[in-house]
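Since the structure comes first, as structure tokens, the remarks are kept for the end.
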Amino acid sequence: MSETADQAATRRRWVTLAELVAVAGVLIAAATLYLNWSGRRADEAARAAQATSTEHARGVVTLLGTVADGGDALALADSEHVFSAATVTFPKALGVAPQDALPGPRIMSDWFADALLKANEGSDARNGRLPVLISVSWWDGDTKHSQTGLYDVLWRTESRFLRGRKLELTGLTLASRNGTAAALEAAWQRKRAAAKK
């Protein structure tokens, strides 16, 4: 039995439709495979970013200064780290040697009080900021880390009857996480220029 022209055309249409369905199935499968692969890459990237963020957070130090001993000291603390070394460096113009801030860590006013009072002669009652570099080191497992930040030691002076002026420490603020000797000297010059106005 021979097929007619209409029957042959109908058969060809069904073959073409079947082919289209097969091609669409292949495309859907390819798109699904790509989306799964892309999703896995995005998940891996997110996990890597989270691990990097956690590592970075463990490596960031923000010291908080709490007034101690009636303003004669600042107790330094960072809730995430236990420091194995801490050094405070002062502007060269003060002529004060770097000081070991451990145990504690802490900043003592008697390290620099005379030099700072001399540099700020004049009015008995003053408030100011002294830029300092604070370098700290700590261990995270077997890895040693260190960071040097530029901080401002907040201070004020008060006049004492027949005993001259007294320096009192009032707080600590972070100026920059990337402290350098050049940044310390520049901050000192800016603060000296502002104090003269």
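Using only the Cα atoms of the chain, construct the convex hull and provide its projected area averaged over every direction, in square nanometres to one decimal.
Details: hull surface 88.5 nm².
That works out to 22.1 nm², a quarter of the Cα hull's surface.
Helix-only mean residue ellipticity at 222 nm, the chain, DSSP H runs n ≥ 4 weighted -39,500 (n - 2.57), per residue, nearest 500. What is it?
For the chain, the value works out to -14000 deg cm²/dmol.
What angle, in degrees between 0 and 90 and rounded to the nearest 10, separates the Cα long axis of helix 181-196 from the longest principal axis of the Cα atoms of the chain?
60
Given the options Trp111, Trp138, Trp37, state which has the largest fluctuation in a GNM of the chain using a 10 Å cut-off (strictly under) for Cα springs.
Most flexible of the set in this elastic network: Trp37.
In whole percent, what relative contact order does the range 73-129 give with Cα contacts below 8 Å and a gap of six or more residues? Don't jump to the answer; show the numbers that get you there.
Details: 50 pairs, mean separation 19.8, N = 57.
In percent, rounded to a whole number, it is 35.
Using a cut-off of 15 Å between beta-carbons, work out the net charge of the residues near Ala68 (Lys and Arg +1, Asp and Glu -1, Ala68 not included). Provide the component values of the computation, followed by the final result.
Details: positive: Arg106; negative: Asp69, Asp72, Asp110, Glu168.
Neighbourhood net charge equals -3.
What's the angle, to the nearest 10 degrees (0 to 90), between helix 5-58's Cα axis and the longest principal axis of the chain?
10
Can you work out the accessible area per residue across the chain, with the rest of the protein chains kept in place, probe 1.4 Å, in square angstrom?
On the way: 12630 Å² over 197 residues.
That works out to 64 Å² for each residue.
Defining a contact as two alpha carbons under 8 Å apart and six or more residues distant in sequence, what relative contact order in percent does the range 96-197 show?
Values: 140 pairs, mean separation 24.2, N = 102.
Computed over the range 96-197, the figure is 24 percent.
Along the charge dipole of the chain, Cβ charges K/R +1 and D/E -1, which of Ser159, Leu35, Gly104 sits furthest on the positive end?
Toward the positive end, the furthest listed residue is Ser159.
List the relative contact order of the chain as a percent without decimals, with contacts defined as Cα pairs under 8 Å and 6+ residues apart. Each step should come with its number before you reach the end.
Values: 280 pairs, mean separation 34.6, N = 197.
Relative contact order of the chain: 18 percent.
Which of Ala48, Ala68, Ala18 moves the most in a Gaussian network model of the chain with Cα springs under 10 Å?
Maximum among the listed residues: Ala18.
Filter Lys144/Lys166; Lys92/Lys166; Lys166/Lys191 down to the pairs with a C-alpha to C-alpha distance above 31 Å, please.
Working: Lys144/Lys166 39 Å; Lys92/Lys166 22 Å; Lys166/Lys191 20 Å.
From the list (Lys144/Lys166; Lys92/Lys166; Lys166/Lys191), the Cα-Cα distance tops 31 Å for Lys144/Lys166.
The values are calculated or read from the model by the stated rules, or taken from the named source; none is laboratory data. Note that the structure is predicted; figures quoted are calculated from it, not measured. Here the Cβ is made from the backbone with ideal geometry for all residues, glycine too, and neighbour counts use every protein chain on show. Heavy atoms of the whole protein, side chains included, go into the accessibility calculation; ligands, DNA and RNA do not. Shrake-Rupley method; radii C 1.70, N 1.55, O 1.52, S 1.80 Å.
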